[in-house]
Every structure is written in C-alpha cells, then in structure tokens.
Amino acid sequence: MNDDPAARLAFVREFAATSPYYQTMGMELVELEAGRVLLRMLVQAAHLNADGIVHGGVLPAVADGAMGNALRALHGAAGQVLTAELHLHYLRPVRGGSLLAEGRVVQSGRRLSFAEVELRDEASGRPVARGSGVFVIERH
C-alpha cells in the first residue's frame, strides 16, 4: 500500500479522468477519499434496452468502477485492482437521468479485498441496486 495519501488520491483522479471506458460510459468521479468513492454516470440512449430502461449489464459496470476506485484510493499505483467476483442486487429499474455509485472498502488485505456498493438515482436519492465484490490486488 502506498504510504502517501495525496499521491494515492491523485492517482485515482488521473485514472478516472483519462479512462476511455469511463468517457464512453459517461462516468465521472464526484467524491474521493481513502476507501470511498462516489461516481456519477449520466444515462445515455446507448445504455437503454428495447424497453427503454437501463440495460442490466450497465449497472455492474458502474458498480465495479466505484468499488475498484475505492480500492485504488487505498493502494494507489502500487497495486493493480482486478475484479475476482461481483454480486449485484437490482432493486428498481432506471429509466434515465443520472446514477450515483458509492463504493466503500470493507476489508483490504495484502492480496484479496472486499468492497460494497450502492447505486442510487441522483434525482430521487432512491437506491436502484446494491452489491459487493471481491478483488485481487496485484503488487507492482
């Protein structure tokens, strides 16, 4: 784990700002602290399925981003964060607007880490999904 908190947070800011995937998905970093991240995703037409709701595959992508960056905020550039397992419980459909995903580290060890996430509709604040993940930390 990187011992310089400012360097770890700067690494996460740069990672999120320069990620082509985040740009394509419409995700942006809103809040950041060691072990906690808040991401925003603006729902785009490409995120919707034929029924006009956000496709079920979009939410795990946002959840993974929030949890992974919460871990990056602890480890910085010293470790690559790899998703080993992700669970997501869908609570209600999303039809548009923007989502907030809050990722929190529950436990981070030398090799394995566990995080939780809550996704909510930004306008109403209502949760739309909750989940957790197991992550492998590959040291550089």
Original post:
Filtering the stretch 48-63 down to residues that are buried (at least 16 other Cβ atoms within 10 Å of the Cβ) and touching a Phe, Trp or Tyr at 6+ places or on another chain (Cβ under 9 Å), which residue is farthest from PHE11 (Cα to Cα)?
Top reply: LEU59
Subject >> Residues (touching a helix residue (DSSP H, G or I) at 6+ places or on another chain (Cβ under 8 Å) and acidic (Asp, Glu)) located in the stretch 98-140 >> reply: GLU102, GLU116
Subject >> Residue pairs meeting the criteria (Cβ under 9 Å; at least 6 apart or on separate chains; first over 12 Å from ARG110 (Cα atoms), in the stretch 66-80; second modelled with pLDDT of 95 or more and basic (Lys, Arg)) >> reply: ALA66/ARG104; MET67/ARG104; ALA70/ARG36; ALA70/ARG104; ALA73/ARG36
Original post:
Can you name the number of the only condition in (1) surrounded by 19 or more Cβ atoms within 10 Å (Cβ to Cβ); (2) over 21 Å from GLY26 (Cβ atoms) that ALA77 fails?
Top reply: (1)
Subject >> Cβ pairs under 7 Å, 6+ apart, first in the stretch 37-63 and on the phi > 0 side of the Ramachandran plot, second part of a loop (DSSP other than H, G, I, E, B) and surrounded by fewer than 18 Cβ atoms within 10 Å (Cβ to Cβ) >> reply: GLY52/ARG95
**OP:** Kindly indicate the residue of the stretch 34-47 that is within 21 Å of GLU122 (Cα to Cα) and either modelled with pLDDT under 95 or among the small types (Gly, Ala, Ser) (or both) and also surrounded by the fewest Cβ atoms within 10 Å (Cβ to Cβ) among those meeting that condition.
**Re:** ALA45
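For (1) within 30 Å of HIS140 (Cβ to Cβ); (2) touching a His at 6+ places or on another chain (Cβ under 9 Å), each residue gets a yes or a no:
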position: GLU14; (1), (2): yes, no
position: LEU29; (1), (2): yes, no
position: LEU39; (1), (2): yes, no
position: GLY52; (1), (2): no, no
position: HIS55; (1), (2): no, yes
position: VAL58; (1), (2): no, yes
position: ALA73; (1), (2): yes, no
position: GLN80; (1), (2): yes, yes
position: PRO93; (1), (2): no, no
Original post:
When you scan the stretch 1-102 for strands (runs of 3 or more DSSP E) that lie fully inside it, which ones turn up with 1 or more residues that are small (Gly, Ala, Ser)?
Top reply: 79-90
Original post:
Take the residues of the stretch 93-131 that are loosely packed, with under 13 Cβ neighbours inside 10 Å and among the charged types (D, E, K, R): which is nearest to ALA45 (Cα to Cα)?
Top reply: ARG95
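The values are calculated or read from the model by the stated rules, or taken from the named source; none is laboratory data. The structure displayed is predicted, hence computed values, not measured ones. Ideal geometry is used to build each Cβ from the backbone, glycine not excepted, and the neighbour counts take in all protein chains shown.
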